[in-house]
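Scroll down for the structure; my scribbles are underneath it.
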Amino acid sequence: MLKDLNKAQKEAVTHIDGSLLILAGAGSGKTKTLTTRLAYLIGEVGIDPVNTLTLTFTNKAANEMRERAISLIGNNHGTPPLLCTFHKFGLLFLKFHIEKLGRKNSFVIIDSDDKKRLLRTLAKGMRVDLNLSFIGSEISKYKNTLLSPQEVIEKAELPDYKKIAKIYKAYEENIVENNLVDFDDLLMLSYKILNEDPLLRKEVSNHYQYIMVDEYQDTNELQFKLLEHLSSEHGNICVVGDDDQSIYGWRGANIRNILDFHTHFKDTKIVKLEVNYRSTQPILDASNALIEHNQHRLGKKLTSHKGKGGPIKLLHSLDESHESRAIAKEIKSLLSKGIHQDEIAVLYRINALSRSLEEGFTKEGLGFKLIGGMRFYERAEVKDIISYFRVLANPHDDFSFLRIANKPKRGIGKVSIDKLQHLAYEKRLSIYQTIEKLSPKELEATTTKRAAASLKTLIENIHMLQAETKVSLYNFVTLFEETIKLKEHYRSMVDGMERILNIDEFYGYFREAIVQNPDITLDEFLNNVSLQSDQDEVGKETVAIMSIHAAKGLEFEHLYVIGMEEEFFPLLGEGCNMEEERRLGYVAITRAKSDLTLCYVDSRFYKGRRKMLDKSRFLGEAGLINDTALKITKSADYKKGDLVKHKIFGIGRVQAANKSGREYKLMINFGGNKKEILSSFVQPV
């Protein structure tokens, strides 16, 4: 089973006892190494399969590894090894041990929809008007950082978070009372049991003598603590991961887990898998050059098993329309040469960019499939605007009117809507006409006082916006947003910024349509949108379009990455982590096998306006262009107030940060001793 392994893979597979970090670069055969190590422990060393535990993040990965391992060792080893996701392990563990928390093992797991329904009921009962996704996301964060409802109540300062803390308390009481377990509980309760019962912890750790973890760079704080307990008696823990592909910080993944693995687990052996079996050398040269600009990494350099290949191509376009049409034409040419559509993909950093691709591909008659996301015109926030526009064009469109009646929320409940629908049916009128013809008192009698007032205001707004469409369609968009406030409605959601970008993209597209055809009517625009979103006539040959996050773990012979401009990739602004952006760039580039095209434009619609853009700094950092005007960041950005550590002066606080060549010159206060230090000589605390 070792004959097909390279030297580093063999070294990792045959290391038996103690902690092992397999630093596996993109395309370096990490799955093969991990499954062969499991097979080696069982088939060669003689470890009982029941004493092994291999943890993954997806069922698909677990099933694939199980099949590979069994094919290496055969089925004659009795009980198969436990190879499952973290959450599946938590479920199995709780079935045996949840009674230690005074709970019955007949618990029921609730899914995300059940959770949302329960939160809706609690929020309504407590008169809390916050986005349910936001509440659910915060509660999930609390559980994954092991915060109890009482701790959250004590720490909450802002009004909204105080409300969420109370809902969290009521939510926990409800699920315990009804013997329910949510997704986060599977790990949190497992950790709690192990943490509070040293004897059980010792027993479980001694049972699972050899532990292996896939995609370790994606683990969070809770998963790390759980692994500490599981390996506490023997320290035989092997993790496989790539710090350069840690791209889920926004989801709770903690890159420090992999960076500090060798300090958390003593005498760690580190094996680097640096031979890449996927990409040609020019692609790896670019990815190596780019990721070297990151300060916080363990360091490795990929070399290609394939060897030489063609250079990376740059596609420079005037704007997003030219870009999408140019890519579509190139792809059609590839397909005509017999290239299979499954070998072609287009990636982007921001979901809003898919709109121009969808439009360009449709115009060229090129089929596509959107992976891991919704088509632009199928997104809730975009459908909301289209429904509003349809009502403005035709107020008697009941289907669209029902969608917008209480969006944003106006206090118009389902009961009021049902009564209105029934009345409209009896009067043989549209819902719009019914509201228009009823007096305020009659409307109050049918619905409620608040709903009646909101509906009358909505009708007035429709009249006013209809009038504006006849004066200036271009200025109408501004008035529409000021009046309806859709962006405000979506802002508080977990993915609020993403939704706002989609709304701005739609507004920009609307204005662009008017600039290109000043005589266009709202009706004509809506008809064009309907054609854009209808893919029924497109041929069977389909090409994958997806975000870089969705592409992780995949590979393509012919790859296009669009949006290689500052503000789009890297994404800039508040909360931006330049090192994680760069890791995303590394992931994007290393999805390509032999043919990679990076695309950038002079201007795009951004936040509802056309904006001139600079080329992405990543093109310069990857050594693909030589442009002195490009921003090249050699180290992480620092700002006033950041805590940093210097190897001589210790810990200090940044008082000022100024650009100095490729890095920053920092004024740091080390306990009263102020020094000007270059940023590459300090680390964030």
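Calculated mean residue ellipticity, 222 nm, the chain: -14000 deg cm²/dmol, from DSSP H runs (n ≥ 4) at -39500 (n - 2.57) each, averaged per residue and rounded to 500.
Using only Cα atoms, what is the ratio of the radius of gyration of the chain to 2.2 N^0.38 Å?
Details: Rg = 28.4 Å, N = 685, 2.2 N^0.38 = 26.3 Å.
The value comes to 1.08.
Counting 0.36 nm for each residue step from E330 to L402 and taking away their Cα separation leaves a gain of 21.6 nm.
Considering only DSSP beta bridges whose two residues both sit in the chain, what percent are antiparallel, to the nearest 5?
On the way: 25 of 72 bridges.
About 35 percent, rounded to the nearest 5.
Once R0 is set to 41 Å, what does the formula 1/(1 + (r/R0)^6) return for the Cβ-Cβ distance between K414 and L259, expressed as a FRET efficiency to the nearest 0.05?
On the way: r = 50 Å, r/R0 = 1.23.
Calculated transfer efficiency: 0.20.
Taking each residue as 0.36 nm, the span from K202 to L101 lengthens on full extension beyond its C-alpha to C-alpha distance by 34.6 nm. The mean of 1/r over all pairs of different alpha-carbon atoms in region 310-467, once inverted, gives a Kirkwood hydrodynamic radius of 19.1 Å. The share of alpha-carbon pairs in region 47-193 lying farther apart than 20 Å comes to 56%. Within a straight-line Cα-Cα reach of under 14 Å, K332 can be paired with the following aspartates and glutamates, leaving aside sequence neighbours fewer than 8 residues apart in one chain: D342, E343, E364, E541. Summarising the amide proton neighbourhood of I651: residues at separation of 5 or more, or on other chains, whose placed amide H is nearer than 5 Å comprise H646.
For a paramagnetic label modelled on T303 (point 7 Å from Cα along Cα→Cβ), amide N atoms under 12 Å away belong, within region 255-292, to 274-276. Residues whose amide H lies under 5 Å from that of Q295, counting only those 5 or more places away or on a different chain, are A636; hydrogens are built 1.01 Å from N in the peptide plane.
Could you pull out the pairs from K30/K115; K162/K202; K60/K645; K300/K645 whose alpha carbons sit more than 31 Å apart here?
K30/K115; K162/K202; K60/K645
Using a Cα-Cα cut-off of under 18 Å, which lysines could be cross-linked to K266, ignoring same-chain neighbours fewer than 8 residues away? Filter leaves K225. Farthest towards the positive end of the charge dipole of the chain, among the residues F261, Y277, T58, is the Cα of F261, using unit charges on the Cβ of Lys, Arg, Asp and Glu. Rounded to the nearest Hz, the phi-derived 3J(HN,Hα) couplings of region 281-293 under the Karplus curve 6.51 cos²θ - 1.76 cosθ + 1.60 (θ = phi - 60°) are 4, x, 5, 6, 4, 5, 5, 4, 5, 5, 6, 5, 6, where x marks glycine and proline.
Exceeding 19 Å between C-alpha atoms, which entries from my cross-link table qualify? They are K166/K414; K10/K269; K169/K414; K88/K272; K116/K155; K95/K192.
On the way: K166/K414 26 Å; K10/K269 14 Å; K169/K414 28 Å; K88/K272 29 Å; K116/K155 24 Å; K95/K192 14 Å.
Beyond 19 Å between Cα atoms: K166/K414; K169/K414; K88/K272; K116/K155.
Given DSSP loops and a limit of at most 10 other Cβ atoms within 10 Å, what is the longest stretch of the chain that contains no such trypsin sites (Lys or Arg not before Pro)? Kindly include the intermediate steps, with their values, before the conclusion.
Values: sites that count: K3, K104, R127, K266, K308, K337, K409, R428, K540, K639, K647.
Longest stretch, sites excluded: 128-265.
Between the beta carbons of E378 and L572, assuming R0 = 30 Å, the FRET efficiency works out to 0.60 to the nearest 0.05. Partner lysines whose Cα lies under 16 Å from the Cα of K407, excluding those fewer than 8 positions away in the same chain, are identified as K383, K456, K485, K487.
If you add up the charges near P282, with Lys and Arg at +1 and Asp and Glu at -1, over every other residue whose beta carbon is less than 15 angstrom from its beta carbon, what do you get? My count for the surroundings of P282 gives +4. Less than 5 angstrom separates the built amide H of L82 from those of T52, T54, all sequence-distant by 5 or more or on a different chain. In order along region 187-201, the phi-based Karplus estimate (6.51 cos²θ - 1.76 cosθ + 1.60, θ = phi - 60°) of 3J(HN,Hα) comes to 8, 4, 5, 4, 4, 4, 4, 5, 5, 8, 10, x, 5, 5, 4 Hz; Gly and Pro are listed as x.
Throughout, read-outs are computed from the coordinates displayed, never taken from laboratory work. Computed from a prediction, not measured in an experiment: that's the story for all the values here. Counting neighbours? That spans all protein chains shown, and the Cβs are built from the backbone with ideal geometry, glycine included.
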